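Heads up: the structure comes next, in C-alpha coordinates.
The values are calculated or read from the model by the stated rules, or taken from the named source; none is laboratory data. Predicted model only: the values in this text are computed from it and were never measured. Every residue, glycine as well, gets a Cβ built from its backbone with ideal geometry; the counts of neighbours run over all protein chains shown.
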Amino acid sequence: MFKQLSITAVGGALALGMLGAAHAAVDTYMVDPSHTYPSFEADHLGGLSLWRGKFEKTKGTLTLDRVNKTGTVDIEIDANSLDFGHGKMNEEAKGVNMFDVEAHPTIAYKANKIRFEGDKPVEVLGDLTLKGITKPVPLKINTFKCMMHPMKKAEVCGADAVAEFKRTDFDLGYAVDRGFFPEVKVLITIEAVKQPKQ
(Lines give C-alpha, C1' and ligand atoms only; values in the text may rest on other atoms or scores of the structure.)
Protein backbone atom coordinates (compact mmCIF):
# COMPACT_ATOMS: atom_id res chain seq x y z
CA MET A 1 0.00 0.00 0.00
CA PHE A 2 2.79 2.42 0.97
CA LYS A 3 4.74 1.49 -2.15
CA GLN A 4 1.73 2.15 -4.36
CA LEU A 5 1.13 5.55 -2.72
CA SER A 6 4.80 6.43 -3.17
CA ILE A 7 4.68 5.56 -6.87
CA THR A 8 1.50 7.59 -7.27
CA ALA A 9 3.04 10.56 -5.44
CA VAL A 10 6.21 10.41 -7.54
CA GLY A 11 4.14 10.15 -10.72
CA GLY A 12 2.04 13.14 -9.67
CA ALA A 13 5.12 15.18 -8.82
CA LEU A 14 6.68 14.37 -12.20
CA ALA A 15 3.48 15.34 -13.99
CA LEU A 16 3.30 18.63 -12.10
CA GLY A 17 6.95 19.26 -12.81
CA MET A 18 6.46 18.66 -16.53
CA LEU A 19 3.39 20.89 -16.52
CA GLY A 20 5.35 23.61 -14.73
CA ALA A 21 8.23 23.30 -17.18
CA ALA A 22 5.84 23.52 -20.12
CA HIS A 23 4.20 26.59 -18.63
CA ALA A 24 7.57 28.19 -17.96
CA ALA A 25 8.49 27.77 -21.63
CA VAL A 26 5.61 30.03 -22.76
CA ASP A 27 6.45 33.74 -22.99
CA THR A 28 3.76 36.40 -23.28
CA TYR A 29 4.21 39.65 -25.20
CA MET A 30 2.04 42.75 -25.25
CA VAL A 31 1.69 44.55 -28.57
CA ASP A 32 3.36 47.97 -28.60
CA PRO A 33 0.74 50.12 -30.37
CA SER A 34 3.21 52.90 -31.13
CA HIS A 35 5.34 50.51 -33.20
CA THR A 36 2.64 48.32 -34.77
CA TYR A 37 0.97 49.24 -38.04
CA PRO A 38 -1.12 46.88 -40.16
CA SER A 39 -1.23 48.31 -43.68
CA PHE A 40 -2.66 47.12 -46.96
CA GLU A 41 -2.61 47.58 -50.72
CA ALA A 42 -5.79 47.49 -52.80
CA ASP A 43 -6.35 47.94 -56.52
CA HIS A 44 -7.73 51.11 -58.11
CA LEU A 45 -9.54 50.85 -61.44
CA GLY A 46 -8.37 47.38 -62.47
CA GLY A 47 -4.63 47.94 -62.38
CA LEU A 48 -4.41 51.69 -62.91
CA SER A 49 -2.77 52.19 -59.50
CA LEU A 50 -2.65 50.92 -55.92
CA TRP A 51 -4.34 52.51 -52.93
CA ARG A 52 -2.36 52.09 -49.74
CA GLY A 53 -3.84 52.49 -46.27
CA LYS A 54 -2.99 51.64 -42.69
CA PHE A 55 -4.64 51.32 -39.30
CA GLU A 56 -3.33 53.61 -36.57
CA LYS A 57 -4.65 51.74 -33.50
CA THR A 58 -3.82 48.13 -32.70
CA LYS A 59 -3.69 46.18 -29.44
CA GLY A 60 -3.30 42.56 -28.39
CA THR A 61 -1.09 39.82 -27.02
CA LEU A 62 1.19 37.16 -28.45
CA THR A 63 2.65 34.06 -26.88
CA LEU A 64 5.71 32.10 -27.94
CA ASP A 65 6.50 28.57 -26.83
CA ARG A 66 10.05 28.11 -28.03
CA VAL A 67 10.33 24.58 -26.59
CA ASN A 68 7.31 23.20 -28.46
CA LYS A 69 7.81 25.66 -31.33
CA THR A 70 4.38 27.21 -31.46
CA GLY A 71 2.43 30.12 -30.03
CA THR A 72 -0.74 32.20 -30.17
CA VAL A 73 -1.84 35.55 -31.54
CA ASP A 74 -4.77 37.68 -30.36
CA ILE A 75 -4.97 41.06 -32.10
CA GLU A 76 -7.64 43.77 -32.22
CA ILE A 77 -7.56 46.62 -34.74
CA ASP A 78 -9.68 49.75 -34.43
CA ALA A 79 -11.39 49.91 -37.84
CA ASN A 80 -12.11 53.61 -37.38
CA SER A 81 -8.35 54.31 -37.25
CA LEU A 82 -8.11 53.58 -40.98
CA ASP A 83 -6.02 56.17 -42.82
CA PHE A 84 -5.32 56.42 -46.56
CA GLY A 85 -3.69 59.82 -46.19
CA HIS A 86 -6.68 61.17 -48.13
CA GLY A 87 -9.59 62.65 -46.18
CA LYS A 88 -12.37 61.97 -48.71
CA MET A 89 -11.21 58.39 -49.24
CA ASN A 90 -11.08 57.83 -45.47
CA GLU A 91 -14.66 59.00 -45.16
CA GLU A 92 -15.89 56.77 -47.99
CA ALA A 93 -13.94 53.73 -46.81
CA LYS A 94 -15.39 53.95 -43.29
CA GLY A 95 -18.94 54.14 -44.64
CA VAL A 96 -21.55 51.43 -45.13
CA ASN A 97 -20.40 50.57 -48.66
CA MET A 98 -16.95 49.52 -47.48
CA PHE A 99 -15.68 48.89 -43.93
CA ASP A 100 -18.88 50.12 -42.22
CA VAL A 101 -16.96 50.96 -39.07
CA GLU A 102 -20.02 52.01 -37.10
CA ALA A 103 -21.52 48.52 -37.35
CA HIS A 104 -18.14 46.72 -37.28
CA PRO A 105 -15.74 48.80 -35.17
CA THR A 106 -13.19 46.02 -34.60
CA ILE A 107 -11.09 43.88 -36.92
CA ALA A 108 -9.65 40.82 -35.18
CA TYR A 109 -6.96 38.25 -35.89
CA LYS A 110 -6.64 35.15 -33.74
CA ALA A 111 -4.32 32.18 -34.09
CA ASN A 112 -3.53 29.11 -32.00
CA LYS A 113 -0.62 27.92 -34.10
CA ILE A 114 2.67 29.43 -35.19
CA ARG A 115 4.91 27.42 -37.48
CA PHE A 116 8.65 27.48 -36.79
CA GLU A 117 11.65 26.68 -38.93
CA GLY A 118 14.55 26.06 -36.61
CA ASP A 119 14.36 28.62 -33.81
CA LYS A 120 12.35 31.25 -35.69
CA PRO A 121 8.63 31.55 -36.41
CA VAL A 122 7.92 31.73 -40.14
CA GLU A 123 4.13 31.49 -40.41
CA VAL A 124 1.05 32.26 -38.34
CA LEU A 125 -1.99 30.07 -39.03
CA GLY A 126 -4.97 32.09 -37.88
CA ASP A 127 -8.41 33.53 -38.63
CA LEU A 128 -9.25 37.06 -39.70
CA THR A 129 -12.59 38.55 -38.61
CA LEU A 130 -13.62 41.49 -40.77
CA LYS A 131 -17.15 42.93 -41.00
CA GLY A 132 -18.39 40.07 -38.82
CA ILE A 133 -17.05 37.39 -41.20
CA THR A 134 -14.33 35.01 -40.02
CA LYS A 135 -12.08 33.14 -42.46
CA PRO A 136 -8.60 31.59 -42.29
CA VAL A 137 -5.83 33.93 -43.43
CA PRO A 138 -2.25 32.72 -42.91
CA LEU A 139 0.51 35.26 -42.27
CA LYS A 140 3.98 34.73 -43.71
CA ILE A 141 6.68 36.10 -41.41
CA ASN A 142 9.46 37.66 -43.49
CA THR A 143 11.67 38.84 -40.63
CA PHE A 144 11.68 38.16 -36.90
CA LYS A 145 13.99 39.38 -34.15
CA CYS A 146 13.98 39.55 -30.36
CA MET A 147 16.34 41.72 -28.33
CA MET A 148 16.70 43.53 -25.03
CA HIS A 149 15.26 46.98 -25.75
CA PRO A 150 17.67 49.72 -24.61
CA MET A 151 14.88 52.06 -23.44
CA LYS A 152 12.12 49.70 -22.34
CA LYS A 153 14.60 47.53 -20.37
CA ALA A 154 12.67 44.44 -21.45
CA GLU A 155 12.84 41.92 -24.27
CA VAL A 156 11.03 43.14 -27.37
CA CYS A 157 10.22 41.00 -30.39
CA GLY A 158 9.59 42.53 -33.78
CA ALA A 159 8.37 41.07 -37.04
CA ASP A 160 7.41 41.94 -40.57
CA ALA A 161 4.58 39.80 -41.93
CA VAL A 162 2.50 39.63 -45.09
CA ALA A 163 -0.80 38.05 -46.15
CA GLU A 164 -3.05 38.06 -49.19
CA PHE A 165 -6.78 37.48 -49.52
CA LYS A 166 -9.82 38.53 -51.55
CA ARG A 167 -11.79 41.34 -49.95
CA THR A 168 -14.96 39.95 -51.53
CA ASP A 169 -14.69 37.05 -49.06
CA PHE A 170 -15.38 39.60 -46.30
CA ASP A 171 -18.30 41.48 -47.86
CA LEU A 172 -15.97 44.17 -49.19
CA GLY A 173 -17.01 43.99 -52.82
CA TYR A 174 -17.01 47.73 -53.49
CA ALA A 175 -16.50 48.48 -57.23
CA VAL A 176 -15.55 44.91 -58.16
CA ASP A 177 -18.49 45.02 -60.58
CA ARG A 178 -16.71 47.99 -62.23
CA GLY A 179 -13.47 46.10 -62.79
CA PHE A 180 -11.61 46.74 -59.55
CA PHE A 181 -9.55 43.70 -58.52
CA PRO A 182 -10.64 42.02 -55.25
CA GLU A 183 -7.16 40.92 -54.17
CA VAL A 184 -5.69 42.67 -51.15
CA LYS A 185 -2.15 42.49 -49.81
CA VAL A 186 -1.69 43.05 -46.09
CA LEU A 187 1.68 44.15 -44.69
CA ILE A 188 2.17 44.16 -40.94
CA THR A 189 4.94 45.75 -38.93
CA ILE A 190 4.73 44.73 -35.29
CA GLU A 191 6.68 45.05 -32.05
CA ALA A 192 5.66 43.42 -28.77
CA VAL A 193 7.07 43.68 -25.25
CA LYS A 194 7.69 40.60 -23.10
CA GLN A 195 5.59 40.49 -19.94
CA PRO A 196 6.80 39.30 -16.52
CA LYS A 197 5.93 35.73 -15.54
CA GLN A 198 2.85 35.43 -13.33
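Using the structure shown, decide if A9 is at pLDDT below 55, more than 30 Å from P196 (Cβ to Cβ) and either surrounded by 10 or more Cβ atoms within 10 Å (Cβ to Cβ) or not charged (D, E, K, R) (or both). First the steps, then the outcome.
Working: at pLDDT below 55: yes; more than 30 Å from P196 (Cβ to Cβ): yes; either surrounded by 10 or more Cβ atoms within 10 Å (Cβ to Cβ) or not charged (D, E, K, R) (or both): yes.
Yes; evaluated as a whole, the condition is true for this residue.
Looking at the structure I just gave you, is A108 of a type in the set (G, A, S) and at pLDDT below 95? Give the derivation first.
Values: of a type in the set (G, A, S): yes; at pLDDT below 95: no.
Considered against the rule, which asks whether it is of a type in the set (G, A, S) and at pLDDT below 95, A108 comes out as no.
Please go through the range 159-173 and pick out each residue that is within 14 Å of F40 (Cβ to Cβ) and either touching a Pro at 6+ places or on another chain (Cβ under 7 Å) or touching a residue at least 40 places away in the same chain (Cβ under 8 Å) (or both).
Residues satisfying the conditions are A163, K166, R167, F170, L172.
Residue by residue through the range 146-167, note down the ones that are over 16 Å from the mean Cα position of the chain (by Cα) and surrounded by fewer than 14 Cβ atoms within 10 Å (Cβ to Cβ).
Listed by number, the residues that qualify are M147, M148, P150, M151, K152, K153, A154.
Before we move on, is V67 closer than 26 Å to C157 by Cβ and not in a strand (DSSP E or B)? Steps first, answer last, please.
Values: closer than 26 Å to C157 by Cβ: yes; not in a strand (DSSP E or B): yes.
For V67, the condition - closer than 26 Å to C157 by Cβ and not in a strand (DSSP E or B) - is met.
Suppose we filter P121, P182 for residues that are surrounded by 15 or more Cβ atoms within 10 Å (Cβ to Cβ) and in contact with a Lys or Arg (Cβ under 6 Å, 6 or more places away or on another chain); which single one remains? Break it down stepwise before answering.
Values: P121 fails: in contact with a Lys or Arg (Cβ under 6 Å, 6 or more places away or on another chain).
Among P121, P182, only P182 is surrounded by 15 or more Cβ atoms within 10 Å (Cβ to Cβ) and in contact with a Lys or Arg (Cβ under 6 Å, 6 or more places away or on another chain).
Just checking, does the range 160-174 include any residue being among the aromatic types (F, W, Y) and assigned to a strand (DSSP E or B)? Steps first, please.
As a first pass, look at the range 160-174 and keep what is among the aromatic types (F, W, Y): 165, 170, 174.
Imposing the further condition that a residue be assigned to a strand (DSSP E or B) reduces the set to 165.
Scanning the range 160-174, I find at least one residue that is among the aromatic types (F, W, Y) and assigned to a strand (DSSP E or B), so the answer is yes.
Of the numbered conditions (1) within 20 Å of V162 (Cα to Cα); (2) out of contact with any Leu (no Cβ under 6 Å at 6 or more places or on another chain); (3) in a strand (DSSP E or B), T28 fails exactly one; give the number of that condition.
Result: T28 fails condition (1) only.
Count, please, the residues in the range 30-60 that happen to be exposed (fewer than 14 other Cβ atoms within 10 Å of the Cβ), of a type in the set (A, V, I, L, M) and touching a residue at least 60 places away in the same chain (Cβ under 8 Å).
1
List the pairs whose first member sits in the range 87-105 and is aliphatic (A, V, I, L, M), whose second member is part of a loop (DSSP other than H, G, I, E, B), and whose Cβ atoms are under 6 Å apart, counting only residues at least 6 apart or on separate chains?
A93/F99; M98/Y174
In the range 83-101, is there at least one residue being touching a Leu at 6+ places or on another chain (Cβ under 8 Å) and within 28 Å of K194 (Cα to Cα)?
Step one: list which residues in the range 83-101 are touching a Leu at 6+ places or on another chain (Cβ under 8 Å), which gives 90, 93-94, 98-99, 101.
Narrowing the set further to residues that are within 28 Å of K194 (Cα to Cα) leaves none.
Among the residues of the range 83-101, not one is touching a Leu at 6+ places or on another chain (Cβ under 8 Å) and within 28 Å of K194 (Cα to Cα), which makes the answer no.
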